[in-house]
Every structure is written in C-alpha cells, then in structure tokens.
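The values are calculated or read from the model by the stated rules, or taken from the named source; none is laboratory data. All figures in this text were calculated on a predicted structure; none of them were measured in a lab. Backbone-built Cβ (ideal geometry, glycine too); neighbour counts: all protein chains shown.
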Amino acid sequence: MEERRGPARVPAWFGDFTRNLPDRPLRLGCRKSHLARAYANRVISDLRLAVPGLRIELVEIITSGDRHKGDLSELGGKGLFMKEIDKALTIGEIDAAMHCMKDVPGDVPLPSGLVFAAYLQRDDVRDCIVWREGSKYAHIDDLPSAARLGTSSVRRKAQILRHRPDLQVERFRGNVVPRIARLDESDLEGLVLSCGGVHQVGMGHRVGQVLDRDQMCPAVGAGVIGVQCRKSDEGMVKLLQLIDHAETRIHVTAERAMLHGLQGHCNSPIAGHCHTTEDGQLSL
C-alpha cells in the first residue's frame, strides 16, 4: 500500500479565511459506531494538521440503517446510513459529514446542494475472515462442507460461494465490535469483514485469514473516507480540499461511475477496484 502522505500545504489565502470562521467549533457529523468514530477522528486529525488550532466538534448521529436490524433492502438500501446525516448537513445542524464510501449508494443521486469536497487517502481495501474465538480453522479452504460463515454483504456472499459453493453463508449484520462479540457466542465459524475496519477499531488481533483481491474483489469505494459539505459553503469546500487526496479521488470516481452505470444497489453483488498501474494507466 502507498505510504500515507500529509495534507496539502496551506495556501497563503487561508489565513484570511480562518479569521472569518464562525466563533464556535466546526461540526463534523458521522454515524454513531466505533468504526465511524475512528474514521471521523482521522478526518479531524488531518484537518488539524492542515490548520493548527482548528476547533472541531464531532456530532454522532444514529441513522435508520443503524436502528434497522433486518435486511437493508427492506427499507431502501445503503442510503439508510446517510439519510439523517444528509438532512442534518442540509439544514445546517452540522458543517460537514464523514461517510465510508462503500456505504454510499450508486443507484440514487446525492442530495441536491451537497458535494464530496474531500476523499482521504485510501486505506486497506481487502476483506478478511475473523474466526470465532476458539475455532480450530485458520483458512477458508480448511472448512468442512456446510460450515457456516456470516456476512451482511451480498458481494462477499457471492464471491465466497463462487470459491466454496458447499458453505452456508448467512446474514449477520451490525457494527464491527458488537458483531465480533456476537460471533463468539454463536455457532458460526467466522465473519467476513473489512480488514481495514477491523484494525481501525483496535481489533486487528482478531484478523484471521486476509483475503487478497483475487480471492475477494473489494467493494466500490472500499477503504475510502469521503467528507461532504454544502456546495454553497465555499469556505468549507476550500477547507476540506486541503485534505483531499487526488489519486484516491480519481480511483473512487472511476469505481462509482461503473457502479452507477450498472445501477448497482444494496442487493447487487457488484465489486470493483481501481488502481494506477506502473506505467500511469488506470486499471479497473
């Protein structure tokens, strides 16, 4: 993985802008979960590195997707992770919003007036298997026929069954930390989760088998944090552009163009990963 670079150099005009910021902390909204909090803190860290002394308040919002425990398709798909956050941003309750780009739907337009002004440099895109505490297995190929794995992703389910059609793959939703706790109390052998996400919440010691991209093509937008704000808030747009990672923006834009062209939704087993080859070409 490419070594993470620091934010862009602060331009000369920015001193005048910071003097005109509101006399309160900037409000960054995110989902209320261990993982969202970890990613939001990365956004805050990058912003404070770019603009020392910048005051930022984290606003955690419980979304419909977090409250609903069934299939997301029953209530409208992945957009349920954004609905309340988008509303808070639109009406000015928050100044910016952090989203995991893999949770941003590709089959519906983004709310009018909002823009992703920054994409942070991409994290690990790979998936991994977290084994149940005490499981005797260490590799998916070691599992016996009819062994049970859990995932909330149709993309992961489709690719697991392509490799091991004899396994049982069952829906197992929830935030990362409580989901792993529930795994240890279940009779599932393991869960398929985001490798980067498991590490972000301090559970890296639970990563069992890491699945390379040939085994498990990543989700569109995997490992990418997007930061959204109102288009009309020119100062906030310029502030967020200081932490935008240009290459990640190109890659995630290409992936989402593919997702949009295929009209992919939360029940579509669509995967896609864009990267730049050694000769400078885009490969998707």
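Quick notes on this one:
- Qualifying residue in region 122-131 (condition: among the aromatic types (Phe, Trp, Tyr) and not in a strand (DSSP E or B)): no
- Exclusive hit being closer than 19 Å to Ala38 by Cβ and either touching a residue at least 24 places away in the same chain (Cβ under 8 Å) or among the polar types (S, T, N, Q) (or both), set Val130, Val192, Val108: Val130
- Counted residues, region 156-178 - those being crowded, with 19+ Cβ neighbours inside 10 Å and of a type outside the set (A, V, I, L, M, F, W, C): 3
- Counted as qualifying within region 151-259 are the strands (runs of 3 or more DSSP E) with 1 or more residues that are outside the structural domain of Ala38 (by TED's automatic domain parsing), namely 168-171, 190-194, 207-211.
- Residue within region 231-246 that is over 15 Å from the mean Cα position of the chain (by Cα), closer than 30 Å to Val130 by Cβ and of a type outside the set (S, T, N, Q) present: yes
- Any hit, region 260-270, residues being within 22 Å of Val154 (Cα to Cα) and either of a type in the set (Lys, Arg) or over 20 Å from the mean Cα position of the chain (by Cα) (or both): yes
- Residue match in region 71-82 (condition: modelled with pLDDT of 90 or more, among the basic types (Lys, Arg), surrounded by 14 or more Cβ atoms within 10 Å (Cβ to Cβ) and within 20 Å of Ser194 (Cβ to Cβ)): no
- Check on Glu133, over 15 Å from the mean Cα position of the chain (by Cα), outside the structural domain of Leu26 (by TED's automatic domain parsing), at pLDDT below 95 and surrounded by fewer than 20 Cβ atoms within 10 Å (Cβ to Cβ): yes
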